[in-house]
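Participant: Take a look at this one; I'll ask things after.
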Amino acid sequence: MAKAKKLGAAGKNARIISMFALALINVAAIASLRGLPSMAEYGLSSVFFYCLAALTFFIPAALVSAELATGWPKEGGVYAWVKEAFGENFGFLAIWIQWIQNVIWYPTALSFTAATLAFAFNPALASNSIFMFAIILIVYWGATLLNLRGMALSSKITSLGAMGGTIIPGTLIIILAIAWLLGPNPVQTEISFGALFPDMESISSIVLAVSVLLSFAGIEMSAVHAREVKNPKKDFPRAIFLSVAIILVVFILGTLAISIVVPAKSISLVAGVMQSFSIFLKAYNLAWLIPIISLMIAGGAIGQVSTWIAGPSRGMLTTAKGGCLPKFLSKTNSAGMPINMLIIQGAIVTILATVFLFMPDVSSSYWILTALTAIVYLVMYVIMFSAAIKLRYSSPKVKRAYCVPGGKLGMWAVAGLGIASSLIGIAVGFFPPAQEKIGNFLFYEGFLICGAILLVGAPLLIHYAMKGKNRGR
């Protein structure tokens, strides 16, 4: 996948990644089946939202984070970049958001896992809130205990899960959809040129599209590889556009595969993938494959969550050791894992998972946590894009292996587009979706508003308190 070559007169070894390999790294970091059902409710118009999000958010985020990663190739990623631009307060805020959005994301990812797992035993359980709550806690705490033993076993599970839980099922669902369209089978969504354009009569009708931005988020994690390509100035943009093309094909075809067999009003946000597999496989007399596919996808999702449980926490461990967090959070076990951080993280996940016991149904529970994740995570992107603009002025002489083209004007255009799309995503995310039951409106809005303020404001209060404590010594 990656090619290693010798570089430099001194004969030092540096890892060189091919343009194609970097594109595949981006695809592996972004592509997932989990977000497809929410977009499948839009049918063919999901193509419009995917392309719009790629142009206004994904590409700007990739290009900007590549410049930051090659200009400031320090440990800490977004923390180091934002700290360089706006100081330690905002640097801590950025890394906190990167951590806390993952914590909010765990229950949504595991609800998808639980719903998928239900199809291996009893599909009716996919709409049972108590079942969802129980599986989320069992799997999450089980994965946490696994991670406390170290990363080696967790990474092996993830590698197997990526192939068996995403690549194989994703390819299969697309093949089944093509076969369905070629045969005399009913199609549950309109296929026409006019259907490409969404109904935008009200904001609530496009709220679910916010999940597209979340689907494309995370590219800043793989931007560190930008300095490892042979010619960053040429190869990185090519890798980005290739990965965008591959990801769009996977997302669009996977989404349409669901929408052509499951009526929009019947699509479950957590079980939509298995709903479509169930219809396809039963139609082709392959119902015996349903439990196998279910276990494969669920296993892949568990592996993905297992990896992310430790990763962001280790990033927070660095800030704890630097004095930005209380000292007890810097404690590690014999395997080097941040034990207290993982326990607190698990407690927050447990509290968030109770949402499944209070919302009207499983899909609405999934959505309210998805919306909160998107709102919080997009705040980090606003900060990151702003940092890139600031550094063009405050640190113009810092050598960047890759630069967003067009000078300062180019950076304003690219980062400005990213800021605009992020702010729109944040604003739209607070509206309840027309397609889902939200129950009590005050609870829904209160949860999102208070949750966003608390989760974004908490690190500033913690950092202020820690600075005061350190000054008092």
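The values are calculated or read from the model by the stated rules, or taken from the named source; none is laboratory data. Quantities reported herein were computed from a predicted structural model and do not represent experimental measurements. No Cβ is skipped: glycine too gets one built from the backbone with ideal geometry, and neighbour counts run over all protein chains shown.
Participant: Looking at the range 71-84, which of its residues are outside any loop (DSSP other than H, G, I, E, B), in contact (Cβ under 8 Å) with a residue 60 or more places away in the chain and surrounded by fewer than 23 Cβ atoms within 10 Å (Cβ to Cβ)? Walk me through it before giving the result.
Facilitator: Step one: list which residues in the range 71-84 are outside any loop (DSSP other than H, G, I, E, B), which gives 71, 78-84.
Filter once more, so that each one left must be in contact (Cβ under 8 Å) with a residue 60 or more places away in the chain: 71, 78-79, 81-82, 84.
Within the range 71-84, GLY71, GLU84 qualify.
Participant: Out of the range 308-338, which residues are among the β-branched types (Val, Ile, Thr) and crowded, with 19+ Cβ neighbours inside 10 Å? If you could, list the steps in order and put the result at the bottom.
Facilitator: Our first condition is that a residue be among the β-branched types (Val, Ile, Thr); within the range 308-338, this holds for 309, 318-319, 332.
Answer for the range 308-338, where residues must be among the β-branched types (Val, Ile, Thr) and crowded, with 19+ Cβ neighbours inside 10 Å: ILE309, THR319.
Participant: Within the range 405-417, restricting attention to residues that are farther than 13 Å from LEU68 by Cβ and surrounded by 12 or more Cβ atoms within 10 Å (Cβ to Cβ), which residue is farthest from the chain's Cα centre (by Cα)? Quick ask: steps written out before the conclusion?
Facilitator: Narrowing the range 405-417 to residues farther than 13 Å from LEU68 by Cβ: 405-410, 412-413, 416-417.
Those still in the list that are surrounded by 12 or more Cβ atoms within 10 Å (Cβ to Cβ) too: 405, 408, 410, 412-413, 416-417.
Details: PRO405: 27, LYS408: 29, GLY410: 27, TRP412: 25, ALA413: 25, GLY416: 22, LEU417: 20 Å.
Checking each candidate, the answer is LYS408.
Participant: Against the definition (touching a helix residue (DSSP H, G or I) at 6+ places or on another chain (Cβ under 9 Å) and surrounded by 22 or more Cβ atoms within 10 Å (Cβ to Cβ)), how does PHE241 come out, yes or no?
Facilitator: No, not satisfied.
Participant: Answer yes or no as to whether VAL362 is within 22 Å of VAL250 (Cβ to Cβ) and buried (at least 23 other Cβ atoms within 10 Å of the Cβ).
Facilitator: no
Participant: Kindly check whether there is at least one residue in the range 325-346 that is under 20 Å from SER129 (Cβ atoms) and without any contact (Cβ under 8 Å) to a residue 60 or more places away in the chain.
Facilitator: no
Participant: While we're here: Quick test of your reading of the structure: GLN188 fulfils all but one of (1) surrounded by fewer than 17 Cβ atoms within 10 Å (Cβ to Cβ); (2) more than 26 Å from ILE424 (Cα to Cα); (3) over 26 Å from the mean Cα position of the chain (by Cα). Name the failing condition by number.
Facilitator: Failed condition: (1).
Participant: Right, next: Check LEU213, LEU208, LEU145 and return the single one that is modelled with pLDDT under 90 and buried (at least 17 other Cβ atoms within 10 Å of the Cβ).
Facilitator: It is LEU208.
Participant: Please list, ordered by first then second residue, the pairs with beta carbon atoms under 9 Å, 6 or more apart or interchain, first in the range 396-414 and at positive phi, second modelled with pLDDT of 90 or more and assigned to a helix (DSSP H, G or I).
Facilitator: Close Cβ pairs satisfying both conditions: GLY406/TRP412; GLY406/ALA413; GLY406/VAL414; GLY407/ARG392.
Participant: Here is a follow-up. With the condition kept exactly as written, say whether any residue in the range 35-44 is under 19 Å from the mean Cα position of the chain (by Cα) and modelled with pLDDT under 90.
Facilitator: yes
Participant: Give me the residue from the range 95-113 that is under 14 Å from THR307 (Cβ atoms) and within 12 Å of the chain's Cα centre (by Cα) and, out of that set, surrounded by the fewest Cβ atoms within 10 Å (Cβ to Cβ).
Facilitator: Applying the filter and picking the extreme gives ASN102.
Participant: Residue check, ILE389 against (1) over 30 Å from ALA109 (Cβ atoms); (2) over 26 Å from the mean Cα position of the chain (by Cα), all met but one. Which one?
Facilitator: ILE389 satisfies all of (1) over 30 Å from ALA109 (Cβ atoms); (2) over 26 Å from the mean Cα position of the chain (by Cα) except (2).
Participant: Go through (1) modelled with pLDDT under 95; (2) more than 20 Å from ILE191 (Cα to Cα); (3) surrounded by 18 or more Cβ atoms within 10 Å (Cβ to Cβ) and name the single condition ILE252 misses.
Facilitator: Against the list (1) modelled with pLDDT under 95; (2) more than 20 Å from ILE191 (Cα to Cα); (3) surrounded by 18 or more Cβ atoms within 10 Å (Cβ to Cβ), ILE252 comes up short only on (2).
Participant: A further question on this structure: Mind counting the residues in the range 34-70 that are under 29 Å from SER294 (Cα atoms), part of a helix (DSSP H, G or I) and either in contact with a strand residue (DSSP E or B) (Cβ under 7 Å, 6 or more places away or on another chain) or small (Gly, Ala, Ser) (or both)? Working first, answer last.
Facilitator: Taking the range 34-70 and keeping what is under 29 Å from SER294 (Cα atoms), we get 34-47, 49-50.
Those still in the list that are part of a helix (DSSP H, G or I) too: 36-40, 43-47, 49-50.
Subsequent filtering for residues that are either in contact with a strand residue (DSSP E or B) (Cβ under 7 Å, 6 or more places away or on another chain) or small (Gly, Ala, Ser) (or both) retains 38, 40, 43, 45-46.
Summing the residues that are under 29 Å from SER294 (Cα atoms), part of a helix (DSSP H, G or I) and either in contact with a strand residue (DSSP E or B) (Cβ under 7 Å, 6 or more places away or on another chain) or small (Gly, Ala, Ser) (or both) in the range 34-70 gives 5.
Participant: Among TYR377, TYR381, TYR402, TYR393, which is surrounded by 18 or more Cβ atoms within 10 Å (Cβ to Cβ), in contact with a Lys or Arg (Cβ under 8 Å, 6 or more places away or on another chain) and not hydrophobic (A, V, I, L, M, F, W, C)?
Facilitator: None of the other options fit; the residue is TYR402.
Participant: Being surrounded by 19 or more Cβ atoms within 10 Å (Cβ to Cβ) and either closer than 17 Å to PRO312 by Cβ or among the polar types (S, T, N, Q) (or both) is the requirement here; does LEU117 meet it? Walk me through it before giving the result.
Facilitator: Details: surrounded by 19 or more Cβ atoms within 10 Å (Cβ to Cβ): yes; either closer than 17 Å to PRO312 by Cβ or among the polar types (S, T, N, Q) (or both): no.
It is false that LEU117 is surrounded by 19 or more Cβ atoms within 10 Å (Cβ to Cβ) and either closer than 17 Å to PRO312 by Cβ or among the polar types (S, T, N, Q) (or both).
Participant: Something else now. Given (1) in contact with a helix residue (DSSP H, G or I) (Cβ under 7 Å, 6 or more places away or on another chain); (2) within 30 Å of THR332 (Cβ to Cβ); (3) not β-branched (Val, Ile, Thr), identify the lone condition not met by GLY142.
Facilitator: Checking GLY142 against (1) in contact with a helix residue (DSSP H, G or I) (Cβ under 7 Å, 6 or more places away or on another chain); (2) within 30 Å of THR332 (Cβ to Cβ); (3) not β-branched (Val, Ile, Thr), the one that fails is (1).
Participant: If you don't mind, there's one more thing I want to ask. Under the condition of being assigned to a helix (DSSP H, G or I) and either free of Cβ contacts under 8 Å to residues at least 60 places away in the same chain or of a type in the set (Lys, Arg) (or both), which residue from the range 276-291 is surrounded by the fewest Cβ atoms within 10 Å (Cβ to Cβ)?
Facilitator: We begin by selecting, within the range 276-291, every residue assigned to a helix (DSSP H, G or I); these are 276-283, 287-291.
Subsequent filtering for residues that are either free of Cβ contacts under 8 Å to residues at least 60 places away in the same chain or of a type in the set (Lys, Arg) (or both) retains 279, 282, 287-289.
Working: ILE279: 18, LYS282: 12, ALA287: 11, TRP288: 8, LEU289: 16.
Here the residue is TRP288.
Participant: I would also like to ask the following. For the range 450-473, what are the residues that are surrounded by 13 or more Cβ atoms within 10 Å (Cβ to Cβ) and either modelled with pLDDT of 90 or more or assigned to a loop (DSSP other than H, G, I, E, B) (or both)?
Facilitator: Listed by number, the residues that qualify are GLY451, ALA452, LEU455, VAL456.
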